[in-house]
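To start, the structure under review is shown below, and the notes come after it.
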Amino acid sequence: MSAAGVAAGGGRTPSYDLVALGRVGVDLYPQQTGVPLADVRTFAKSLGGTATNVAVAATRHGLRTAVVTGVGDDPFGPYVRQTLRAFGVDDRQVVTVPGTQTPVVFCEMHPPDDFPLVFYRRPVAPDQCIAPDALDLDVIRAAAIVWITGGGLAVDPSRTTTLLAAAQRAPDADVVFDLDWRPSFWDDPSEAPAWYARGLELATVAVGNRDETEVAVGTRDPDRAADLLLERGVRLAVVKQGPAGVLARTAGEEVRVSPLAVKVVNGLGAGDAFGGALAAGLRRGRPLREVVETANAAGALVAGRLACADDMPEPHEIQALLARHWRRRPDDPVLAVPPAAHRLGDSRTEGHREMIV
């Protein structure tokens, strides 16, 4: 099978700011909070999957993006494709894998920090079936940023495909390794550190939370983790610390950013919003502090909303939240996040957030 991308109306290889490899799925998130799944009455359907969320988030910042992933030969496959297109993400490297089902993800919501996920990806998810021959290597080589995930390293053939894509990086491009630790994806989670080491060998940027850095470099300590990631060869290490903020470090610069006080609705998409803004800042060569502050605010905005991809913020929303944050006094209440400004205008996807009863 092939997912080769050819520019519409011609044979030239399209050039993307970001090509993300990894998961896509359908999120079914509860409309009732603080209750177990058995007690939820209604769910909202939206697009999800970490690599897909990052691509959508980056598109909000004006980047030209594509995603390399898989869907099943089921009714959710067309939903994924049409929603990606409506969000401005190129879906030409999305492969339909016969005999599989597009993943569905449920979660429980217990704000501010407990959002357990239930993945329906068995016996195998389409994104895990993406083989090397599905890659358009010319597209990968022409990308300014190749985004890979730890989840993509869990099984073959997606493991081989992920590492192959990272190895195609152009000399002036970045490979961002989203450490993305999902132990349930691994038959033997003890094998993960060795494969993360392979991914870091090919990466120029590493980003993850403390759980993820423990898998990648053996420590949850943010400072030690950042140093070890740099020793592995990346030029930028970003360690997300939840309530303790974000640490970003290069060989010659360090940035520490405090969290934004927002009313949390669903924290699951925050890291991917962070990733999309990070990619945009790197692509445009912004100062590191500006990049991290913007990414941190993007994550906070999505944490204050229900969905993941559907609720990724626009740059003006991020700047407005930062302005409110800088005006906020210590004794002020936490900031309520306004609804997403972006709404799909494609009539084919007007029901993309419909209620499932």
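The values are calculated or read from the model by the stated rules, or taken from the named source; none is laboratory data. Predicted model only: the values in this text are computed from it and were never measured. Here the Cβ positions follow ideal geometry from the backbone for every residue, glycine too, while neighbour counts run over all protein chains shown. Just so you know, the surface numbers come from the protein's heavy atoms only, side chains and all, with ligands and any DNA or RNA stripped out. Shrake-Rupley method; radii C 1.70, N 1.55, O 1.52, S 1.80 Å.
Can you find a residue that is within 28 Å of residue 164 (Cα to Cα) and hydroxyl-bearing (Ser, Thr, Tyr) anywhere in the stretch 56-64? Yes; the residues of the stretch 56-64 include at least one that is within 28 Å of residue 164 (Cα to Cα) and hydroxyl-bearing (Ser, Thr, Tyr).
When each of 252, 267, 275 is tested for being in a helix (DSSP H, G or I) and not hydroxyl-bearing (Ser, Thr, Tyr), the lone residue that passes is 275.
Taking into account only those residues within the stretch 186-229 that are touching a residue at least 12 places away in the same chain (Cβ under 8 Å) and hydroxyl-bearing (Ser, Thr, Tyr), which is most open to solvent (accessible area, probe 1.4 Å)? So the residue we want is 204.
Residues being surrounded by fewer than 24 Cβ atoms within 10 Å (Cβ to Cβ), of a type outside the set (Phe, Trp, Tyr), within 24 Å of residue 284 (Cα to Cα) and modelled with pLDDT of 95 or more are entirely absent from the stretch 4-11.
May I ask you to list the residues in the stretch 65-75 that are surrounded by fewer than 18 Cβ atoms within 10 Å (Cβ to Cβ) and in contact (Cβ under 8 Å) with a residue 12 or more places away in the chain?
Listed by number, the residues that qualify are 73, 74.
Residues in the stretch 305-321 that are more than 15 Å from the chain's Cα centre (by Cα) and either within 25 Å of residue 79 (Cα to Cα) or open to solvent by 10 Å² or more (accessible area, probe 1.4 Å) (or both): 8 in all.
Yes/no matrix, rows are residues, columns are (1) open to solvent by less than 10 Å² (accessible area, probe 1.4 Å); (2) more than 18 Å from the chain's Cα centre (by Cα):
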residue: 51; (1), (2): yes, no
residue: 60; (1), (2): no, no
residue: 77; (1), (2): yes, yes
residue: 84; (1), (2): yes, no
residue: 96; (1), (2): no, yes
residue: 99; (1), (2): no, yes
residue: 120; (1), (2): no, yes
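Is it the case that residue 146 is surrounded by 24 or more Cβ atoms within 10 Å (Cβ to Cβ), at negative phi and at pLDDT 95 or above? Yes: the conditions hold for residue 146.
Considering the stretch 29-55, and only residues there that are in contact with a Gly (Cβ under 9 Å, 6 or more places away or on another chain) and assigned to a strand (DSSP E or B), the residue that is nearest to residue 164 (Cα to Cα) turns out to be 48.
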